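A.B. asks: Shown below is the structure under consideration.
The values are calculated or read from the model by the stated rules, or taken from the named source; none is laboratory data. On a predicted model such as this, the values are computed, not experimentally measured, just so you know. Virtual Cβ from ideal backbone geometry, glycine too; neighbours counted across all protein chains shown. Side chains included, ligands, DNA and RNA excluded: accessible areas come from the protein's heavy atoms. Shrake-Rupley method; radii C 1.70, N 1.55, O 1.52, S 1.80 Å.
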Amino acid sequence: MTVTFSKRNVILIPIVILFGVNMFLAATNLTRWTAEKSLETFVQVTVDRWTTKLQPRVDAAFNAQTDEIPIAQVQRLIEEDVLFDTDARYQFFDRSGAAVLDSGQSGSEPEVAEDVPAAHPRLLGIDLPIAASAGDIGVLRVHVDQSDVMHLFYSSHGFVEALSAIFLIAALSVLIFIIWSRIKEQARSDERIRHLAHHDVLTDLPNRNLFIERFGDAVERAKRGDDLVAVLCLDIDQFKSINDTMGHAVGDALLQEFASRLRAETRATDLLCRIGGDEFVIALTHLKSFENIVPFANRLCGVLAEPYEIDGQKFSASASIGVSICPSDGSDTQQLLKFADLALYRAKDDGRNTVRLYERHMDVAFQKRVLMAAELRTALETGQFKLYYQSQLDMESGTTEGQEALIRWDHPDRGIIPPDEFIPMAEETGLIIPLSQWVLETACRDAMGWDHNQYVAVNLSAKQFQAGGVAELVESTLKLTGLTANRLELEITESILLGDTENVLEQLTRLKELGVSVVLDDFGTGYSSLNYLATFRFDKIKIDRTFIEKLEDDGMMDAIIGTIINLTRDLGVIATAAGIETKDQELALRQLGCRFGQGFLYGHPVPKQAVRATPPRLSVVYPRFGSSGKATGQCRQIKASRA
């Protein structure tokens, strides 16, 4: 780990050191000043004590003396009366200042400890004036040795200085340790931030930014002719379905396992990154020929298609791979990524779990997709979309029950474009939401001009349920157009129920509370239709056209459709067959007990002006069918029109 010093840390450390030195000097000066003040106090006390002790006795002894000084008497007074401590020295001076008496030790200096500063005197001199009846006759000077006291004071001073130094060193050490720890922690935090800025959190692979930075160097080598570089864009096939059906936790674990397998298959010199979602990019560097690129990609497809086991669940997943090569396909970093992405789209269009190399015409197809996205937005803004309507009939009576709204794009140059050509692009760009809102409002307005016995069926998009607010939209549209709720059917596919099922079911329940009918479209082609029938009570199901197409040729289809019809009857749900094109199909469905149908047999989608009025109502009798799908002989009378 590299420790970096910020400006703040560079400034803070010398400040702390300077502060510690100043604190030490301050403590030293404080203890020295305290010792000196204490010594001065001691000196003054000593002077006062000796003066108080000697002055009265000296005055009494010499008061009656004449001008002559009795030297022997003075010496006896001093020595025999033991007026002084054993360490005291003395001298006597006459009026002229001459020393007439000396103890013989007054001039000597005692040996003292080296820690006592020379600036302070070892001997304290005390002058006591001696007066007689005739006036002053001399001065007695007493020298008191204060070396021991001074040594005591300065020894204490040194001890305090040592303690202060130890304390300050310890405090500085702790402070420096804290600062250093913070610097290291900051360095770790900075390193972590730098790592997160260049790596994917979930897989810990380099992200797009780091990949582009490193990929540029490889491209430069390829441009010089030193190496070839292959760019592989790959993602997990049907990852959204896996994520929605098995949960986001499983989806995340799958991405981690996917990344782990990619790591195991790539070399140390290759570049691997996750650029978002389930999309990954590999740059094969230092290649000398094209020969190994496709075999490697095919082998990678095989490795990624091996079964996965996550949290005890075993399932299969696969990957599609698109490849572009530098310098043959280009030498620009972004361009190479774009070309590999176009090849990836082609791999998905060709059935997934496969590899496709970039080809020039793919760019043309991509430009068409971009153009269509722009034209879709313009079409929505300029009113190029039209609604056509296809009848849904009661096959027994021939009565038109309602109309399904089918959108068409009236392109100014290409003419009428069917929905399967532009709806996927609308879903991809998010335009499906405003487009679906337009369809709902327009269909409700158109239905207000028909026979009030007919309903209108409108398809809803999964994107609308993901965005939320479907019930509110329907309610406001009904109020705006004046259409009654019982004349509106909303068709949804099983894909809507994938993912956040609880949220979708809540919105569907609110729709039913409004009084509209909810229809499950394309029944039998999804993941778990029976589960949805048990989860939510639909008003109607539409048997998918793929079953009807095989009805005449596949004998097993009779049993399957018959089972579906009997199931709906037991559940109290209406069944409608979609895609009826021949009389034989109609007859077979009626024999199986299916009453309602829709298809080209009854007419192609037409504009709103061509929608026919409902024929007169009839009372018809048709046979009841048992669980086997055969007539039971029992009959019941029903109304041909929708209740």
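A.B. asks: Tell me the carbon and sulfur percent of the accessible area for region 464-549, rounded to whole percent, probe radius 1.4 Å. Don't skip to the answer; put the middle values down first.
C.D. replies: Details: 1750 of 3670 Å².
For region 464-549, the apolar C and S fraction of the accessible surface comes to 48 percent.
A.B. asks: For region 564-604, which whole-number percentage of the solvent-accessible area (1.4 Å probe, protein heavy atoms only) is attributable to carbon and sulfur atoms? Walk me through the numbers before you get to the answer.
C.D. replies: Details: 960 of 1700 Å².
Roughly 56 percent of what the probe reaches on region 564-604 is carbon or sulfur.
A.B. asks: When the chain is fully extended, how far beyond the present Cα-Cα distance does Phe167 get from Val100, taking 0.36 nm per residue of separation? Provide the component values of the computation, followed by the final result.
C.D. replies: On the way: separation 67, 0.36 × 67 = 24.12 nm, distance 5.61 nm.
Contour length minus Cα-Cα distance gives 18.5 nm.
A.B. asks: Would you kindly derive the ³J(HN,Hα) couplings of region 236-248 from the backbone phi angles with the Karplus curve 6.51 cos²θ - 1.76 cosθ + 1.60 (θ = phi - 60°), listing them in order in whole Hz, with x for Gly and Pro?
C.D. replies: In residue order, the calculated couplings are 7, 5, 6, 5, 4, 5, 4, 4, 6, 7, 9, x, 5 Hz.
A.B. asks: What spacing in nm lies between the two simple spin-label points modelled at Leu587 and Gln609, each 7 Å away from Cα in the Cβ direction?
C.D. replies: 3.9 nm
A.B. asks: Starting with the highest mean, order 183-194, 375-386 by the number of other Cβ atoms within 10 Å, averaged over the residues of each peptide.
C.D. replies: Numbers: 183-194: 12.8, 375-386: 14.8.
Result, highest mean Cβ count within 10 Å first: 375-386, 183-194.
A.B. asks: What is the distance, in nm, between label points placed 7 Å from the Cα along the Cα-to-Cβ direction at Thr41 and at Glu381?
C.D. replies: Here the modelled spin labels are 9.4 nm apart.
A.B. asks: How high is the FRET efficiency from Asp410 to Asp332, r the C-beta distance, R0 41 Å, rounded to 0.05?
C.D. replies: Numbers: r = 39 Å, r/R0 = 0.96.
Efficiency for this residue pair is about 0.55.
A.B. asks: Then there's this: How much length, in nm to one decimal, is gained on full extension between Met246 and Ser260, taken as 0.36 nm per residue of separation minus their Cα-Cα distance?
C.D. replies: Details: separation 14, 0.36 × 14 = 5.04 nm, distance 2.03 nm.
Contour length minus the Cα-Cα distance gives 3.0 nm.
A.B. asks: Output wanted: per-residue J couplings in Hz (rounded whole) for region 488-495, from phi through Karplus 6.51 cos²θ - 1.76 cosθ + 1.60, θ = phi - 60°, x for Gly and Pro.
C.D. replies: Going residue by residue, I get 10, 10, 10, 9, 10, 9, 5, 4 Hz, with x marking Gly and Pro.
A.B. asks: Give me a comma-separated list of calculated 3J(HN,Hα) values for region 438-453, in order, Karplus coefficients 6.51, -1.76, 1.60 applied at θ = phi - 60°, integers in Hz, x for any Gly or Pro.
C.D. replies: 5, 4, 4, 5, 5, 5, 5, 5, 4, 5, 5, x, 9, 4, 5, 7
A.B. asks: Could you give the accessible area per residue of region 328-383, probe 1.4 Å, as a whole number in Å²?
C.D. replies: Details: 3160 Å² over 56 residues.
Heavy-atom accessible area per residue stands at 56 Å².
A.B. asks: Shifting gears a bit: Above 19 Å lies some portion of the pair distances; for region 409-560, what is it as a whole percent of all C-alpha pairs?
C.D. replies: That tail contains 59 percent of the Cα-Cα pairs.
A.B. asks: Another one. To the nearest 0.05, what FRET efficiency results for Asn503 and Asn29 with a Förster distance of 51 Å applied to their C-beta separation? Working shown, then result.
C.D. replies: Working: r = 76 Å, r/R0 = 1.50.
Efficiency computed from Cβ-Cβ geometry: 0.10.
A.B. asks: If you don't mind, there's one more thing I want to ask. State, as an integer percentage, the relative contact order of region 312-356 based on alpha-carbon contacts under 8 Å between residues 6 or more apart. Display every interim value, and only then the final one.
C.D. replies: Values: 55 pairs, mean separation 21.6, N = 45.
It comes to 48 percent, rounded to a whole number.
A.B. asks: Now for a separate question. How high is the relative contact order of region 338-496, in percent, counting Cα pairs under 8 Å that sit 6 or more residues apart? Before the final figure, lay out each step's value.
C.D. replies: Details: 190 pairs, mean separation 27.2, N = 159.
In percent, rounded to a whole number, it is 17.
A.B. asks: Here's a follow-up. Hey, for a label at Leu371 modelled as a point 7 Å past Cα toward Cβ, could you say which residues of region 399-429 have their backbone N under 18 Å away?
C.D. replies: Only 409-418, 421-423, 425-426 pass the distance filter.
A.B. asks: Between Gln313 and Glu185, with labels modelled 7 Å along Cα→Cβ, what's the label distance in nm to one decimal, could you check?
C.D. replies: 4.1 nm
A.B. asks: Test of understanding: what is the full-extension gain from His195 to Glu213, defined as 0.36 nm times their sequence separation minus their Cα-Cα distance? Kindly include the intermediate steps, with their values, before the conclusion.
C.D. replies: Working: separation 18, 0.36 × 18 = 6.48 nm, distance 1.42 nm.
Full extension from His195 to Glu213 adds 5.1 nm.
A.B. asks: Another question, then. Leaving out ligands, DNA and RNA, and with a 1.4 Å probe, what % of the accessible surface on region 171-249 is carbon or sulfur? It would help to have the intermediate numbers written out before the result.
C.D. replies: Working: 2450 of 4410 Å².
That share works out to 56 percent.
A.B. asks: Order of 337-344, 484-491 by packing, highest average Cβ count within 10 Å first? Walk me through the intermediate numbers first.
C.D. replies: Working: 337-344: 23.2, 484-491: 18.8.
Output ranking for 337-344, 484-491: 337-344, 484-491.
A.B. asks: Students often check this: by mean Cβ neighbours within 10 Å, which of 209-216, 276-283 ranks highest, and how do the rest follow? Please report the intermediate quantities before stating the final value.
C.D. replies: Working: 209-216: 16.5, 276-283: 19.8.
By packing density, highest mean first, the sequence is 276-283, 209-216.
A.B. asks: Moving to a separate point now. So what is the accessible area of region 525-581 per residue, in Å², with the probe set to 1.4 Å?
C.D. replies: In whole numbers, region 525-581 has 49 Å² accessible per residue.
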